[in-house]
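A short worksheet on the structure shown next.
The values are calculated or read from the model by the stated rules, or taken from the named source; none is laboratory data. None of these values were measured; they are calculated from a predicted model. Neighbour counts run over all protein chains shown; Cβ positions are idealised from the backbone, glycine included.
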Amino acid sequence: MIYLDNAATSFPKPERVYNTILQVMTKYGANPGRSGHKLAMKAGRGIYEAREIIADLFKVKDPMNIIFTHNATDSLNLGIKGILKEGDHVITTSMEHNSVLRPLMALKDKNIETTIVNCDNYGVLDIENIKDNIKRNTKMIITTHASNVVGSIMPIYDIAKIAKECGVLYMVDAAQTAGVYDIDVRKGIDILAFPGHKSLLGPQGTGGLYIRDGLDITQLKEGGTGSKSNELYQPIMLPDRYESGTPNAPGIIGLGEGVSFIKETGMENIRRHETELTEHFITELKKIKEVIIYGPKEHRAPVIPINIDNRDSSEVSFILDSMYGICTRPGLHCAPLAHKTIGTFEQGVVRFSLGFFNTHKEIDDTIKAIKSIINEF
C-alpha cells in the first residue's frame, strides 16, 4: 500500500506516538485535572507538557494560550463564532476549506458580512485584494496558510502586517502547514487554528487554537473544568474557559509525542524531504502529456492535484486504490470555491498529498501506475 492522502490525515505516525497513547491508556488513564491522586496528576502533567511543546513550536510565550480542541474544524468554529458579532465584516479567500466558509455562511443570519477575495487560477492570492476590501467595520481577516487543494502558500506575514496597520484581527488556518512550515505567531497572528492529526503527527480527534493575549473570544460551551468548582459561571482564565469536559488525554499526550518527533528530526529536514518528493513527482508528471497538473508552478506545499484528460477523478482514484494499492483523494476536497477558482468544480481532481514517511520509490511506482492507467484508457 502507498499512502498519498496525508492532507486528509498523516499516516503512518511515528512508532513512539502509538506507544505513548497505549501507555497512557494502560498505565495512567485517569481523568486529568479532576482528581488529586497520582494517576490523575500524571495525566495532567502529560497534557501540560504537550501544551508546552506545542507553544514552543509556534513561538507562543505562555502555553496557557494554547487551547486543545477536537480538530482544526472545532478550532476554527471557536475562533470565528467567538469573535464575530452582529454588524461585523470579515474577509477571507476563495481557497478556503469549508471549515472556514461554512461557519461564516452560518453567521449571515446574524448580520455578519463576509467578503471572499478571489485568488488566481493557480490558487495564488494577490494581497492587495485583501487591502482593498477592508472597511470601517472589518473585524477579522481569515486565510488558510496553504490550500488543501493545490498547495498554494499564502503570504501570512504580509497579510498580518496589513491587518495590524488597519487594526484588524488576523486568523490563520494552519491545517496543511503546522509541523512542516515555520509559524511564528509573534509576527502578527492573533488566532491560529491547527489539527493534531496531520503534519503534527498526532492521532485523530486532536487539534488546537492559539489565542493572543487580550482577546476576548466567547466560549461555545460551558461545563466542568476541574477549576473554580464552587462557582456556577464558566471561569474566564485560559485554557479552562474553552476546555470544558474531560479532555482527550491519550490523544493530547500522543500529539505531544508527535511534536517531539518533529523537533528531534528537525522541521527543516521534514520540509526538505517533502519538497524533494514534490519536485520529483511533478517533474515526472510533466512528462505525461495526458496529465493536467493544477496549482502554483513553484513554492507549494506537498499537495499535487491532477486530472487525466477529462476522466472522472473518482474513477481514476478508485483504480489507483483497487488495482495499484495507492491511496489518494478525488472530488472537491471540502473546498468548492477553490475548485471553482482553478476550474475543476465539475470534474474535481485526484489529489496526491505527500508526507515525511513517503519515499522516492513510492513516487516512481505511482508514476508507473498513472502511465498504466492511461494505457488502459
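So is P336 within 16 Å of G123 (Cβ to Cβ), touching a residue at least 24 places away in the same chain (Cβ under 8 Å) and out of contact with any Asp or Glu (no Cβ under 6 Å at 6 or more places or on another chain) or not? Outline the logic, then answer.
Details: within 16 Å of G123 (Cβ to Cβ): yes; touching a residue at least 24 places away in the same chain (Cβ under 8 Å): yes; out of contact with any Asp or Glu (no Cβ under 6 Å at 6 or more places or on another chain): yes.
Yes, satisfied.
Hydrophobic (A, V, I, L, M, F, W, C), free of Cβ contacts under 8 Å to residues at least 24 places away in the same chain and on the phi < 0 side of the Ramachandran plot: is that true of L78 in this structure?
Details: hydrophobic (A, V, I, L, M, F, W, C): yes; free of Cβ contacts under 8 Å to residues at least 24 places away in the same chain: no; on the phi < 0 side of the Ramachandran plot: yes.
Spelling it out, it is not the case that L78 is hydrophobic (A, V, I, L, M, F, W, C), free of Cβ contacts under 8 Å to residues at least 24 places away in the same chain and on the phi < 0 side of the Ramachandran plot.
Among the listed residues I292, I282, I270, I288, identify the single one that is in a loop (DSSP other than H, G, I, E, B) and either touching a Leu at 6+ places or on another chain (Cβ under 6 Å) or among the β-branched types (V, I, T) (or both). Before you say what the answer is, go through the steps one by one.
Details: I292 fails: in a loop (DSSP other than H, G, I, E, B); I282 fails: in a loop (DSSP other than H, G, I, E, B); I270 fails: in a loop (DSSP other than H, G, I, E, B).
Exactly one of I292, I282, I270, I288 is in a loop (DSSP other than H, G, I, E, B) and either touching a Leu at 6+ places or on another chain (Cβ under 6 Å) or among the β-branched types (V, I, T) (or both), namely I288.
I159 fails exactly one of the following numbered conditions: (1) without any contact (Cβ under 8 Å) to a residue 60 or more places away in the chain; (2) aliphatic (A, V, I, L, M); (3) in a loop (DSSP other than H, G, I, E, B); (4) farther than 30 Å from P235 by Cβ. What is the number of that condition?
Here I159 meets the rest and fails (3).
G355 passes all but one of (1) within 27 Å of the chain's Cα centre (by Cα); (2) surrounded by fewer than 22 Cβ atoms within 10 Å (Cβ to Cβ); (3) in a loop (DSSP other than H, G, I, E, B); (4) not hydrophobic (A, V, I, L, M, F, W, C); which number fails?
Of the numbered conditions (1) within 27 Å of the chain's Cα centre (by Cα); (2) surrounded by fewer than 22 Cβ atoms within 10 Å (Cβ to Cβ); (3) in a loop (DSSP other than H, G, I, E, B); (4) not hydrophobic (A, V, I, L, M, F, W, C), the odd one out for G355 is (2).
Among the residues of region 133-156, write down those that are more than 13 Å from T92 (Cβ to Cβ) and either part of a strand (DSSP E or B) or at pLDDT below 95 (or both).
Scanning region 133-156 gives A146, S152, I153.
Let me spell it out: the conditions are (1) more than 19 Å from P195 (Cα to Cα); (2) assigned to a loop (DSSP other than H, G, I, E, B); (3) basic (K, R), and K13 meets all of them except one. Which number is the exception?
Of (1) more than 19 Å from P195 (Cα to Cα); (2) assigned to a loop (DSSP other than H, G, I, E, B); (3) basic (K, R), only one is false for K13: (1).
Which condition number does H280 fail, the rest of (1) surrounded by fewer than 20 Cβ atoms within 10 Å (Cβ to Cβ); (2) in the same structural domain as A175 (by TED's automatic domain parsing) being met?
(2)
If I go through region 1-29 residue by residue, how many of them are touching a helix residue (DSSP H, G or I) at 6+ places or on another chain (Cβ under 6 Å) and either touching a residue at least 60 places away in the same chain (Cβ under 8 Å) or outside the structural domain of R212 (by TED's automatic domain parsing) (or both)? Step through it out loud before you land on a result.
Within region 1-29, the first condition is being touching a helix residue (DSSP H, G or I) at 6+ places or on another chain (Cβ under 6 Å), and the residues that meet it are 2, 14, 16-17, 20-21, 24-25, 28.
With the extra rule that they be either touching a residue at least 60 places away in the same chain (Cβ under 8 Å) or outside the structural domain of R212 (by TED's automatic domain parsing) (or both), the set shrinks to 2, 14, 16-17, 20-21, 24-25.
The total comes to 8.
Does region 23-77 hold any residues that are among the basic types (K, R) and over 23 Å from K187 (Cβ atoms), and which are they?
First, the residues of region 23-77 that are among the basic types (K, R): 27, 34, 38, 42, 45, 51, 59, 61.
Selection gives K27, R34, K38, K42, R45.
Restricting the search to region 16-39, which residues are surrounded by fewer than 19 Cβ atoms within 10 Å (Cβ to Cβ) and not in a loop (DSSP other than H, G, I, E, B)?
Once the filter is applied, which keeps residues that are surrounded by fewer than 19 Cβ atoms within 10 Å (Cβ to Cβ) and not in a loop (DSSP other than H, G, I, E, B), region 16-39 yields R16, Y18, N19, L22, Q23, M25, T26, K27, K38, L39.
Report the residue count in region 96-132 for those that are touching a helix residue (DSSP H, G or I) at 6+ places or on another chain (Cβ under 6 Å), of a type in the set (S, T, Y) and not in a helix (DSSP H, G or I).
Within region 96-132, residues that are touching a helix residue (DSSP H, G or I) at 6+ places or on another chain (Cβ under 6 Å), of a type in the set (S, T, Y) and not in a helix (DSSP H, G or I) number 1.
Please determine, by comparing only the residues of region 118-132 that are without any contact (Cβ under 8 Å) to a residue 40 or more places away in the chain and surrounded by 21 or more Cβ atoms within 10 Å (Cβ to Cβ), which one is farthest from H89 (Cα to Cα).
Ranking the candidates gives L125 first.
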